[in-house]
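Just so it is clear, none of the values below were taken in a lab; they were calculated from the coordinates. Quick caveat, the model's predicted, so the values are computed rather than measured.
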Amino acid sequence: MTNLALGPSWLDPDQLLSSFGLAGLLVIVFAESGLLIGFFLPGDSLLFTTGLLVTSGKIDTPLWLVCLAVVAAAVLGDQVGYLFGRKVGPSLFNRPDSKLFKQENVEKAHEFFEKYGPKSLVLARFVPIVRTFTPIIAGVSRMNYRSFITYNVIGGTLWGAGVTLLGAALGNVEFVHKNIEMMLVAIVLISVIPIAIEFLRARSKAKKTGPGPSSTPPTQQRRRHAKR
């Protein structure tokens, strides 16, 4: 169905689904939701393509069951990420870069979590790379577990079921089939809208309240979390 130009051919959503089926989809969603090695996986486009294939009949599993399984995989992935973060603690910030791990990604997720707090678990779901590291940072910061579970389920449901249902809703539209690559690019662009809204809201609030006391430098913030 597609010959995606957004990355290597083995990351093409249609090829992944053809090769590994729904089991592969759930493994990818699980890995991208909280395992350090899953940040490069095509979660958004994969879910959208899955919904599209269900509607077109190329996947014969009921849509509601697909959505339920995806949400479960996403929630469990974040859960593992959180527990991993609690276990590794400050050592995560001292881990050297490798082919599958970049300290820059941890920095971005840390700043994201510091800025948006618990709701970052919902917003991060729609931001590639950040969604992989945010639950880990929540664990490092020892976020209240009950709050984590609540926002984890909300985020996993909105993202996992939402993007899949979007693909299903557009699955019978001829324009979508003829322009699938453009649609997948659009999904990636749309995923940053919640962040843009939050940024503009925070910026407007900052202008109204005026400058406050100087904030703690990021390095000191990390040290503070590391001591917890």
Next item on the list: Tabulate in residue order the Karplus-calculated ³J(HN,Hα) for region 50-55, using 6.51 cos²θ - 1.76 cosθ + 1.60 with θ = phi - 60°, rounded to whole Hz; enter x for Gly and Pro.
Entry: 4, x, 5, 5, 5, 5
Checklist line | Karplus-derived 3J(HN,Hα), 6.51/-1.76/1.60, for each residue of region 159-175, Hz, glycine and proline x | finding: 7, x, 6, x, 5, 5, 5, 4, x, 5, 5, 9, x, 9, 8, 4, 4
